[in-house]
Number of protein chains: 2
Amino acid sequence: MVTSITSDAVRERCAHCPGRSHSICNVIDDDELPILVAESARVQVAKGRAFIEEGTPAHEFYVLTEGRVKLFNLLPDGRRQIAGFAECGDFLGLAAVDSYAFSAEAICDVTLCRFSHSGIDRLTQRFPHLEHRLRDEASRELTIMQRRLVLLGRKTARERLATFLIEQSLPPCCAAPDLLEKEEKPIKIKLLMSRTDIADYLGMTIETVSRTLGVFKKEKLITVQGVTAVTLLAPHRLRAIAEGNG
Amino acid sequence: MVTSITSDAVRERCAHCPGRSHSICNVIDDDELPILVAESARVQVAKGRAFIEEGTPAHEFYVLTEGRVKLFNLLPDGRRQIAGFAECGDFLGLAAVDSYAFSAEAICDVTLCRFSHSGIDRLTQRFPHLEHRLRDEASRELTIMQRRLVLLGRKTARERLATFLIEQSLPPCCAAPDLLEKEEKPIKIKLLMSRTDIADYLGMTIETVSRTLGVFKKEKLITVQGVTAVTLLAPHRLRAIAEGNG
DNA sequence: CGTATTGTTGACTACCGTCAAGCCCAGTGG
DNA sequence: CCACTGGGCTTGACGGTAGTCAACAATACG
């Protein structure tokens, strides 16, 4: 399950954001990659397996190099809140001081790059830029969280789902949801998750998710192809709904 | 309004957490404090004034040295979600990449220590520890955010308010709400905010806050002295409710 | 002491959650 | 090839939680 990582595996870059990489390696020169490689291990996790459990002591830190992961918290009676989905290049374990603040589960087969905290410390000493990089990443996470608080605390089901659809239509690394503002052609998106996951992400029930999609369909805001494909017919209207003017 | 900061002003420490300081200065030796002072400015903000506005370009960074601040987001129609309250020693501006992700308003008269981003960069170059400190702070923020997502996404009004009361009964810097677990004497707390703020913090309405407090009173879980003082009669039961077993 | 603001309480309503039945589709085996 | 099965999704009926609107009480403030 754990083998030495190849240089390539830590050099993932985000195709959607030219010039910007989410991986840890963009602060490390190519000829120093072996140092990075020496501090990390490659980990593979099978679809559906949880590999981080909320509350357990946090000694490690991950970079996702392949696949998708969901991060969530549970209440004792099973209620679940999904905090977010991690993609290729994302960091896992920033929200951990002594113990992990979340659980993580592989949505599909997943490859990770694992670093011990002490390994990260050695790397940050060697590459001071890395520390800045990690703070930067944490800041970006925090801004995303802020918007999620508004969504969960103050938006209606309709607004939540509209927000979700718009969010899904943007490239994964665009924190600001107003990039494609003027783009008004229909946008086809793939929902990479089940209704249950959508519901737990938006703080709703699967029934309400389903019903609200139904309403959007009736209002000709979207069309649905099968279960996972959705076309946004009127992105501008959805965006308005998402922001509370619906 | 802006004067040069005194050394004392940046040396706030958290009385509740011996050995731990939330201020920026605990990574800087006393004899190097002048360097810190040179990079910062003292700012005073009057009660009720907003001094950071969501979406404006973020060029600065603050440490709160006196008073209390609320951080929030607004929807266009006025719905408000309070993300949190900052206390003495807290950092403001971590959740900002290019522009601020939140607005900030002084709850009472407030004193801040202001750093330009470029000033912070100079400081982090001089004191590499500071960068780690900032990341650490961002991580702590993130873990707090995780719990807030569960609260807003999955908890009932009753559970939210119980969580809030327990939270208020803990020293401000205790991220883990299970420290005083065994402490079962009544706990007297001061609510340092209006019902409106509580409601906007918990994603509810003031009426529901008021009613739910009424229910807690009837169930002899709390007593209320005036409007701002509450005594938790059965902290363990409240804690159970807060976690979803109530 | 009167006015304004903030908090409480009540009646009503609506949104969304719960429960239950039925549908769709993929995978399996006859 | 088709029936069968099971899981995920949709739809409907119903009810409860919490929001809205409004009146009143309490507290703060000049």
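Within a Cβ distance under 14 Å of B:THR212, other residues only, what is the Lys/Arg minus Asp/Glu net charge?
Numbers: positive: B:LYS155, B:ARG158, B:ARG160, B:ARG195, B:ARG211, B:LYS217, B:LYS218; negative: B:GLU159, B:GLU207, B:GLU219.
Its environment carries a net charge of +4.
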Name the residues whose placed amide hydrogens come within less than 5 Å of the amide hydrogen of A:CYS108, ignoring near sequence neighbours (fewer than 5 apart) on the same chain.
A:GLY48, A:ARG68
If amide H atoms are built 1.01 Å from N in the plane of the peptide, which residues on other chains or at least 5 residues away come under 5 Å of the amide H of B:THR65?
B:GLY89, B:THR111, B:LEU112, B:CYS113
Applying 1/(1 + (r/R0)^6) with R0 = 41 Å to the Cβ-Cβ distance of B:ASP109 and A:ARG158, what FRET efficiency is obtained, to the nearest 0.05?
0.50
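Counting pairs of Cα atoms in the range A:155-242, how many percent are more than 22 Å apart? Could you put the intermediate results ahead of the total?
Numbers: 649 of 3828 pairs.
In whole percent, the share of Cα-Cα pairs in the range A:155-242 beyond 22 Å is 17.
Can you tell me the FRET efficiency between A:GLU184 and A:ILE206 if r is taken as the Cβ-Cβ distance and R0 is 25 Å, rounded to the nearest 0.05? Before the final figure, lay out the partial values.
Numbers: r = 31 Å, r/R0 = 1.22.
Once rounded, the FRET efficiency stands at 0.25.
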Per-copy distances of the A:PRO186 label point, shortest first, in nm (7 angstrom along Cα→Cβ)
6.6
Amide H neighbours of B:GLY84 under 5 Å, counting only residues 5+ apart in sequence or on other chains, H built in-plane at 1.01 Å?
B:LEU71
Would you tally the net charge around A:ALA86, using a Cβ to Cβ cut-off of less than 10 Å, leaving A:ALA86 out, and scoring K and R as +1, D and E as -1?
0
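Which entries of B:LYS155/B:LYS190; B:LYS70/B:LYS220; A:LYS47/A:LYS155 show an alpha-carbon separation above 27 angstrom in the structure shown? Write down the numbers at each step before the final one.
Working: B:LYS155/B:LYS190 23 Å; B:LYS70/B:LYS220 31 Å; A:LYS47/A:LYS155 32 Å.
In this structure, B:LYS70/B:LYS220; A:LYS47/A:LYS155 exceed 27 Å between Cα atoms.
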Alpha-carbon gyration tensor eigenvalues x 5, square-rooted, for the range B:40-117, Å:
19, 15, 10
Relative to the other copies, what are the label-point distances for A:LYS217, with labels 7 Å from Cα along the C-beta vector, expressed in nm at one decimal and sorted shortest first?
4.9
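Take the Cβ-Cβ distance between A:SER118 and A:ASP31 as r, set R0 to 30 Å, and report the resulting FRET efficiency rounded to the nearest 0.05. Before the final figure, lay out the partial values.
Values: r = 24 Å, r/R0 = 0.79.
So, using R0 = 30 Å, E works out to roughly 0.80.
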16 Å cut-off, amide nitrogen to a point 7 angstrom out along A:THR56 Cα→Cβ, residues in the range A:126-150:
none
How far is A:GLY55 from the same spot in each other copy, in nm, shortest first, if each label point sits 7 Å from Cα toward Cβ?
4.1
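Please give the average number of partner chain Cβ atoms lying within 10 Å of the Cβ of each residue in B:75-82, rounded to a whole number.
Numbers: counts 7, 4, 4, 1, 7, 3, 10, 2.
Whole-number average of other-chain Cβ neighbours for B:75-82 is 5.
No value in this document is a laboratory result; all are computed from the given coordinates. Keep in mind the model is a prediction, meaning the values are calculated, not measured. Using ideal geometry, Cβ is built from the backbone for each residue, glycine included, and neighbour counts are taken over all protein chains shown.
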